[in-house]
Structure formats: C-alpha cells, structure tokens
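Throughout, read-outs are computed from the coordinates displayed, never taken from laboratory work. Everything quoted here is computed from the prediction, not taken from an experiment. Cβ atoms come from the backbone with ideal geometry, glycine included; neighbour counts cover every protein chain shown.
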Amino acid sequence: GNNSEVCWSKYGSMSLRRPYCHEMAVRILLSTIEAHANRYKRYIVPLLSLSVDFYVRVYVRVYTSAKMVKQTPTKLAYVYQSVGCDSFFLQPVGQMKTADQSVKFSAAVSPPVPQAFE
C-alpha cells in the first residue's frame, strides 16, 4: 500500500516508495503467503505474478513438506535502501550449510552494506 503502517499491519513488511515498488509489492505478498503456508508445514512455488497499477495478483502452487519449510529463510532477505539514491542491498535472512550429508540452517551473518553507503 501507499502507507507503510497499513502494509505492516496487513503483511508484516514495510513498503518503500522506489522505482521497484511494484516488484516489492509482489515479493511482500509472496512472503506473506509463504509465512501462512509454513504454519501448516506447507510451502509455495510461485507460478505467475501480475502487477498492474495498484493491483497485484499471484498464482502459486502449494506443496506439503516439513523439510522444504525449513529452507524458507534462505529464500527471504531484508532490503537496505540508500536515502541518497535508488541503490539498495539485500541481506539474506538465513543460510544453509551442507557438510557430510547433514544440513544445518542458521541466521545469515553481517549485513553486506559498505560503510560508505548513505
């Protein structure tokens, strides 16, 4: 939505007024659907997404797999937006490490934002 507070209350995300706002709207919607599906050991695979003017529509396929639900944080990221220009950086929420046929999930480390980023 146009108002970040409304977006937070409905979707648990903050919207940004930037040239990529329509793509961000689709990603926020997909993230919300994924979060609701994860509560029931389900995950989604986006099939088609549309963004026209203020209208967003997504088509997803829903699968059941507790193993795949654990990988959800590796598909999400935080956006660090510059206030001086339209450049941005993404910080993954989680990471997956594989060693000796075992998989470990953990939080991603340190933001990739350089000190000169303003």
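Observations on the structure shown:
- The range 33-89 and the range 1-32 have their alpha-carbon centroids 11 Å apart.
- Per-residue [θ]222 nm for the chain (sum of -39500 (n - 2.57) over DSSP H runs n ≥ 4, rounded to 500): -7500 deg cm²/dmol
- Using the average count of surrounding beta-carbon atoms within 10 Å as a protection proxy, the listed peptides 25-35, 54-64 rank, highest first, as 25-35, 54-64.
- Relative contact order (percent, whole number), the chain, Cα cutoff 8 Å, 6+ residue spacing: 15
- Cα-based reach from residue 75 at 14 Å (exclusive), listing aspartates and glutamates while leaving out same-chain residues under 8 positions away: 34
- Estimated translational D of the chain in µm²/s (Stokes, Kirkwood radius over Cα pairs; 4 °C; 1.567 mPa s): 81
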